[in-house]
Amino acid sequence: MTNSIFLGPWIRRFLLEHLVAERNLALNTQKSYRDMLMQLLPYLAGKANKAIDRLTVDDFSPQAVRLFLSHMEQQRNCTISTRNQRLGGIHALARFIAEHSPEHIGWCAQIRLIPFKKTSQPAIIYLDKPEMDALLAAPDDHTEQGRREQALLLFLYNSGARVSEAVQLKIGDIDWHAQCVRVVGKGNKQRRCPLWTSTLERLHVLVDGREATQPVFLNRCHQPMTRSGIHTLVKRCAARACARAPSLLNKPVSPHVIRHSTACHLLQAGVDINTIRAWLGHVSLTTTNIYAEIDLETKARALAACSVSEGVVARTRWRDQPDLIEFLRTL
């Protein structure tokens, strides 16, 4: 049995050569592929009754993949969107193997015939302005921790940054003179976002005396904040804000909800959709258009702009004009 039939060398090449060297995918995307493999490989090994390092491409069969996807939904209680995400990673791995091993082209075609399941798009949750104001006012700015919380919340709302973008933000990314920040998004794409004076003031207090290469946001142990740490911080502040805005009790507030809120508030302020796309770092305008679809205030303004005034006389339909009908019959 040649090494090319073993699955292990292919996975190593896929992770190191393809994802990193060839495609230069973002770290979070690489971790998503890794997580897929950490679930798939033990399952395949259990079904084949062999060690993971002895698995072959034959063990990675279309039928085994279908059983694995069913296992995710039924035993692991994963959502359809998670199932589809894992299947996307499996398709990518199969395509990589077939590109470098022509004898596996037929096998790859069978793997890629496994379809994605249709799933409904979840409703987008965002905070209205009073709710957002209550969230920003939740931290106690008389304490060091409260000032950290307030600076982070204000930055997330001001920039519409993803939680991963806030985690990797460096002090040197902030341009204090131009009053803007350089944000590195998905695929290492960079964008610049303007910052309010109030945001800059709180960030300046937060980073004063530290090196430009250090992360902006640190936890109470003076270690770089993690994604889970920011999620916990936002939920903690949202729980406090419920006293001022009781409607927050019915909303699962997260850093991404703050990002949605930024987009909706920009739209309500009259900012054009293409500017919002650049602000949020969306590749496609289609992604940004979802905010125009969910924002009732913008829809109401559009409806008012095209409403029919009371003094307008309705047009006569051509079917109700006998002279016209008679003329058409003579043609």
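The values are calculated or read from the model by the stated rules, or taken from the named source; none is laboratory data. The structure presented is a predicted model; accordingly, all values stated were derived computationally and were not measured. Note that we place each Cβ from the backbone using ideal geometry, even for glycine, and neighbour counts take in every protein chain shown.
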Here are some conditions: (1) touching a Ser or Thr at 6+ places or on another chain (Cβ under 9 Å); (2) at pLDDT 95 or above. Residue 68 meets all but one. Which one does it not meet?
-> (1)
Restricting attention to the stretch 177-191, which residues are closer than 26 Å to residue 226 by Cβ and surrounded by fewer than 14 Cβ atoms within 10 Å (Cβ to Cβ)?
-> 187, 188, 189, 190
May I ask you to list the residues in the stretch 129-184 that are of a type in the set (Phe, Trp, Tyr) and within 21 Å of residue 247 (Cα to Cα)?
-> 157
Using beta carbons and a limit of 6 Å, which pairs, at least six apart or on different chains, have the first residue in the stretch 195-208 and closer than 18 Å to residue 183 by Cβ and in contact (Cβ under 8 Å) with a residue 40 or more places away in the chain and the second one among the small types (Gly, Ala, Ser) and part of a helix (DSSP H, G or I)?
-> 202/151; 203/151; 206/151
Looking at 87, 153, 93, which one is surrounded by 13 or more Cβ atoms within 10 Å (Cβ to Cβ) and closer than 22 Å to residue 261 by Cβ?
-> 153
Could we say that residue 199 is β-branched (Val, Ile, Thr) and loosely packed, with under 13 Cβ neighbours inside 10 Å here?
-> no
Identify the single condition in (1) surrounded by fewer than 20 Cβ atoms within 10 Å (Cβ to Cβ); (2) of a type outside the set (Gly, Ala, Ser); (3) closer than 18 Å to residue 260 by Cβ; (4) under 22 Å from the mean Cα position of the chain (by Cα) that residue 133 does not satisfy, given that it satisfies every other one.
-> (4)
Filter result (touching a residue at least 12 places away in the same chain (Cβ under 8 Å) and not in a helix (DSSP H, G or I)) within the stretch 97-117 | 101, 113, 114, 116, 117
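For the stretch 137-150, give me the residue count where each residue is of a type outside the set (Ser, Thr, Tyr) and surrounded by fewer than 20 Cβ atoms within 10 Å (Cβ to Cβ).
Looking only at that region, the number is 8.
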